[in-house]
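The values are calculated or read from the model by the stated rules, or taken from the named source; none is laboratory data. As the structure is a computational prediction, the values presented were derived from the model and not from experiment. Methodologically, a virtual Cβ is constructed for each residue, glycine included, from the backbone with ideal geometry; neighbour enumeration extends over all protein chains shown.
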Amino acid sequence: MSLEAIIVALIVGGCVFYFVRRLYRTFAGKAGGSCSCSDCPAKSPTDNAAQHHP
Amino acid sequence: MPITIAVIGNPNVGKTTLFNALTGLSQVTGNYPGVTVERKIGTIRLNGSTAHLVDLPGTYSLAARSPDEMIVVDVLLSQQTGEDPVDAVLAVVDATNLERNLYLVSQLKELGKPLVVALNMCDLADKRNIAIDTAVLSAELGAPVVRICAHKRVGIDELKTTLTRVIHEPIPPASKGPEFPGTLNSEVDALAQLLNDDAAGVGRHVPRLEVFRLLVDRGGYVEERITRGGNGISHHLEDSRQRASQNGSLAAVEARERYAWIRRVVAAGVVKPKTRATTSSDKIDAVLTHPIVGTLIFGAIMTVIFQAIFSWAGPLMDLIDKTFVAAGELAATALPEGMLQSLVQDGIIAGVGNVIIFLPQILVLMLFIAILEDCGYMARAAFLMDKLLSRCGLSGQSFIPMLSSFACAIPGVMATRTIGNRRDRITTILVAPLMSCSARLPVYTLMITAFIPETMLFGGWLNLQGIVLFAMYSVGIVVAIPVAWILKRTLLKGETPPFLLELPTYKLPLWGTIARRVYRHGKEFVVRAGTIIFAVIVIVWALAYFPHSGAITQQFDEERGSVGQAAISDDARAAALTDIDNKESAAHLRNSYFGRMGLAVEPVVRPLGWDWRIGMAAIASFPAREVIIATLGTIFALGSDVDEESESLKSYMQGATGNDGTKLFNIPVALSIMVFFALCCQCGATLAVIRRETQSIRWPVFAFSYMTILAYIAALLTYQAGMWAGWGANV
């Protein structure tokens, strides 16, 4: 396997890992998931209260 | 352990502005009610020690009728698991409207915690000749009163000093609050004893104030929570209400006693002009909230915004475009030909670069939205929309979340917490993602600049491209109205609620606040391009590059050999070799994993006028909408079947052809793509937030399903109507 193939495999593999992890964290409602929006509830440290009051 | 101070007040009295002034943070503020729907925490230094400051959503009373109001009650009563109890309360009141603001203060007094009252908007009160004697007011309220002007940072140091003093040397209340009938008080005490009894209770300590709310607020959130699970409390509660309501309805008794107390306090400490002068806000409102004139002005403002998006952002977009083209050329020369060069040039630069180009347009849109919000106009827009929304079963209350969704659906969905009625709240949540968020803007502008002629209309005043962009933004709200109408008559049947909206005073926008909001949105866009869009586009590139069949390469190498040996002119040979290169790229793309999936999908998207490349780009953009641009950039860079000199995505798209040699894109195709993106819920984060806010998987699944079907049908109708109208050949 050439160095070029290894570099490409690492970049693609890293992106697949990041994408899957992010998707999981989005739907699990964990910080760092969801979008990059600063208003994103998943990023707020104090967002739990509303969950108890649907 | 640091002490905790809760910042509380009516909606739109400047709590978050004060919170930012005290903590140095930059939480989102806006000149309309309902900006804060969850509590936010910051830290301040008080006389050398650290204190936590909790910014709570605005509320008129502690009688919780909506989720955001319940947050306030929970935090104040220390009912929030895992959160530090509140040690002191900082009540922010509007100095120009003390009668209404002191209602909440009268309830806060009953918490029995150190209380400081920050008298905000004193500059406006002075302008209106409202004289407030803070010393008298302080004595009447039994709590220190500090004059402040939060947005000018006036009085902040004095407020900090007062907070320090009150926390370290709590002052016993010097005056009594409202006095309620003895029967009511005795029933509250009896019920509190019952609820806190080990045998019959609810398994936790229920503070007296919560018991008071339970008794008085029939059908409120406190009742719902305490009687949940059929613990037998309901029966006792009804008996207590019967006995306590001898003097009339309990809610009416509470209001009567509190306002009587407020009148006494205000009479002692406030001198107001006998007649209320007509303010400049009143004069402006007479025009801006007029049903006809106001609506026309609203339309004119929106038209100006969408015209500006094209005209202002153009030069900067050209600059970014040229930078990425240069970066692509640099990558082509710096890296040896092969898969790594293709990844960098065709994947990352062609993909992410084509998304970043739209940053200036995002900034222009956000600049306008921030100015309109900060000056107080958005509340008037909600007022204008109330009549329209009420016809479909929603109130103007739903317009604020829908308005927030024009920036991003996530805060929009969260802003529905201000809606007390659960059915209205869910209806609003389901239609909010139909509003065109900033992620859709790049999709619209790419299609518009590539395929909508830059024709000037109305004597050169309006650009057709701007009008089409305005129309695309209108699609969401036009479709949301019948969708809400259907939902409110089927799945979520219910009465149309009355809408009470306090119109905030107009003020000059604070440029620092606006700059922070614009910067924040710009940063978010760039971060998205550098993270999720980057990751998706690298995956798309890999799927579109591999398996990169050796047999295809060999076949075209043989063709190149034949051309090399043919007796033709140099120019003809160069043209033939370019043609072979393009055909090879296209063959590799069609043979790639992405191409194979696309060909399977093509029959589904064909009726929309799309080929497999557009279909796959739309599917790839389900995690984030902007990915369609990155995907199209990569697809056309990898399978370049057009003139090599066409270096921008717009040029690639304008020259792209289908299998039959006809142009791939035309006006109906561009419109159908835009309509599909306007109505489809291609945002995983929004679906996750809908699930969280509704506490159910059913609603995000429903939102995704109905929006996808709606988008497909609307795109189909748009394309077919466009072709029928004869726009298909008009590129």
**Request:** Determine whether segment A:1-8 contains at least one residue that is at the interface with chain B (Cβ under 7 Å from one of its Cβ atoms), at pLDDT 75 or above and surrounded by 16 or more Cβ atoms within 10 Å (Cβ to Cβ).
**Result:** yes
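Could you list, in sequence order, the residues of segment B:287-330 that are of a type in the set (A, V, I, L, M) and touching a Lys or Arg at 6+ places or on another chain (Cβ under 9 Å)? Before the answer, list the steps.
Pass one, segment B:287-330, residues of a type in the set (A, V, I, L, M): B:287-288, B:292-293, B:296-297, B:300-302, B:304-305, B:308-309, B:313, B:316-317, B:319-320, B:325-327, B:330.
B:Leu288, the sole residue that qualifies.
Every residue, every condition in (1) over 30 Å from B:His236 (Cα atoms); (2) surrounded by fewer than 16 Cβ atoms within 10 Å (Cβ to Cβ); (3) under 37 Å from the mean Cα position of the chain (by Cα), yes or no:
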| site | (1), (2), (3) |
| --- | --- |
| B:Leu102 | yes, no, yes |
| B:Leu159 | yes, no, yes |
| B:Pro178 | no, no, no |
| B:Ser186 | no, yes, no |
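Name the helices (runs of 4 or more DSSP H) wholly inside segment B:642-731 in which the number of residues that are among the aromatic types (Phe, Trp, Tyr) and touching a Ser or Thr at 6+ places or on another chain (Cβ under 9 Å) is 1 or more. Break it down into steps so the answer makes sense when it comes.
Numbers: elements: B:649-655, B:667-679, B:684-694, B:698-724.
Filter on segment B:642-731 gives B:649-655, B:667-679, B:698-724.
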**Message:** Residues that are within 14 Å of another protein chain (Cβ to nearest Cβ), touching a residue at least 60 places away in the same chain (Cβ under 8 Å) and under 25 Å from B:Ile673 (Cβ atoms): does segment B:426-433 have at least one?
**Reply:** yes
**Residue among B:Ile568, B:Ile552, B:Ile580 that is aliphatic (A, V, I, L, M), surrounded by 10 or more Cβ atoms within 10 Å (Cβ to Cβ) and in contact with a Phe, Trp or Tyr (Cβ under 6 Å, 6 or more places away or on another chain)** = B:Ile580
**Prompt:** Residues in segment B:106-126: is at least one farther than 22 Å from B:Thr161 by Cα, more than 12 Å from chain A (Cβ to nearest Cβ) and without any contact (Cβ under 8 Å) to a residue 12 or more places away in the chain?
**Reply:** yes
**Request:** Quickly run through segment B:318-357 and pick out the residues that are acidic (Asp, Glu) and either more than 33 Å from the chain's Cα centre (by Cα) or at pLDDT 90 or above (or both).
**Result:** B:Glu329, B:Glu337, B:Asp346
**Complete:** Within segment B:414-438, the count of residues that are closer than 24 Å to B:Cys683 by Cβ and out of contact with any helix residue (DSSP H, G or I) (no Cβ under 8 Å at 6 or more places or on another chain) comes to 1
**Item:** Filter result for B:Thr449 (touching a helix residue (DSSP H, G or I) at 6+ places or on another chain (Cβ under 8 Å), polar (S, T, N, Q), surrounded by fewer than 24 Cβ atoms within 10 Å (Cβ to Cβ) and more than 13 Å from chain A (Cβ to nearest Cβ))
**Value:** yes
**Complete:** Exactly one of B:Gly299, B:Gly338 is at positive phi, free of Cβ contacts under 8 Å to residues at least 24 places away in the same chain and surrounded by fewer than 19 Cβ atoms within 10 Å (Cβ to Cβ), and that residue is B:Gly338
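Okay, residues lined up against (1) of a type outside the set (A, V, I, L, M, F, W, C); (2) out of contact with any Ser or Thr (no Cβ under 7 Å at 6 or more places or on another chain); (3) farther than 18 Å from A:Ile11 by Cα:
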{"residue": "B:Gly314", "(1), (2), (3)": "yes, yes, yes"}
{"residue": "B:Ala327", "(1), (2), (3)": "no, yes, yes"}
{"residue": "B:Thr333", "(1), (2), (3)": "yes, yes, yes"}
{"residue": "B:Ser342", "(1), (2), (3)": "yes, yes, no"}
{"residue": "B:Gly353", "(1), (2), (3)": "yes, yes, no"}
{"residue": "B:Ile357", "(1), (2), (3)": "no, yes, yes"}
{"residue": "B:Ile369", "(1), (2), (3)": "no, yes, yes"}
{"residue": "B:Tyr377", "(1), (2), (3)": "yes, yes, yes"}
{"residue": "B:Lys387", "(1), (2), (3)": "yes, yes, yes"}
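Which residue out of B:Asp386, B:Asp424 is buried (at least 22 other Cβ atoms within 10 Å of the Cβ) and among the acidic types (Asp, Glu)? Let's see the steps before the verdict.
Working: B:Asp386 fails: buried (at least 22 other Cβ atoms within 10 Å of the Cβ).
One residue alone meets the criteria, B:Asp424.
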**Fill in**
With the first residue restricted to segment B:203-228 and required to be touching a residue at least 12 places away in the same chain (Cβ under 8 Å), and the second required to be among the aromatic types (Phe, Trp, Tyr), Cβ contacts under 9 Å at 6 or more apart or on different chains are B:Phe212/B:Phe180; B:Arg213/B:Tyr221
**Item:** Subset of segment B:501-558 [away from every other protein chain (no Cβ under 14 Å) and of a type in the set (Gly, Ala, Ser)]
**Value:** B:Gly512, B:Ala515, B:Ser549, B:Gly550, B:Ala551
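Look through segment B:44-72, keep the residues that are within 12 Å of chain A (Cβ to nearest Cβ) and either at pLDDT 85 or above or in a strand (DSSP E or B) (or both), and return whichever of them is surrounded by the most Cβ atoms within 10 Å (Cβ to Cβ). Step through it out loud before you land on a result.
Taking segment B:44-72 first, the residues within 12 Å of chain A (Cβ to nearest Cβ) are B:52-57, B:64-72.
If we keep only those that are either at pLDDT 85 or above or in a strand (DSSP E or B) (or both) too, we end up with B:52-55.
Numbers: B:His52: 19, B:Leu53: 23, B:Val54: 24, B:Asp55: 26.
Of everything passing the filter in segment B:44-72, B:Asp55 is surrounded by the most Cβ atoms within 10 Å (Cβ to Cβ).
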**Message:** Just to be sure I understand, how many residues within segment B:188-217 are modelled with pLDDT of 85 or more and either small (Gly, Ala, Ser) or under 35 Å from the mean Cα position of the chain (by Cα) (or both)?
**Reply:** 8
**Item:** One residue from B:Phe622, B:Phe704 being surrounded by fewer than 21 Cβ atoms within 10 Å (Cβ to Cβ), within 14 Å of chain A (Cβ to nearest Cβ), at pLDDT below 90 and under 20 Å from the mean Cα position of the chain (by Cα)
**Value:** B:Phe622
**Request:** Give me a count of the residues in segment B:238-284 that are touching a helix residue (DSSP H, G or I) at 6+ places or on another chain (Cβ under 7 Å), closer than 26 Å to B:Leu102 by Cβ and crowded, with 16+ Cβ neighbours inside 10 Å.
**Result:** 11
**Prompt:** Within the bounds of segment B:3-23, is there any residue that is modelled with pLDDT under 80 and touching a strand residue (DSSP E or B) at 6+ places or on another chain (Cβ under 7 Å)?
**Reply:** no
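Looking at B:Ile400, B:Ile410, which one is surrounded by 24 or more Cβ atoms within 10 Å (Cβ to Cβ) and closer than 20 Å to B:Phe525 by Cα?
On inspection, the qualifying residue turns out to be B:Ile410.
Condition check: at pLDDT 90 or above, assigned to a helix (DSSP H, G or I) and either within 30 Å of B:Ile410 (Cβ to Cβ) or in contact with a Phe, Trp or Tyr (Cβ under 9 Å, 6 or more places away or on another chain) (or both). Does B:Ile539 satisfy that?
Details: at pLDDT 90 or above: yes; assigned to a helix (DSSP H, G or I): yes; either within 30 Å of B:Ile410 (Cβ to Cβ) or in contact with a Phe, Trp or Tyr (Cβ under 9 Å, 6 or more places away or on another chain) (or both): yes.
In short, yes.
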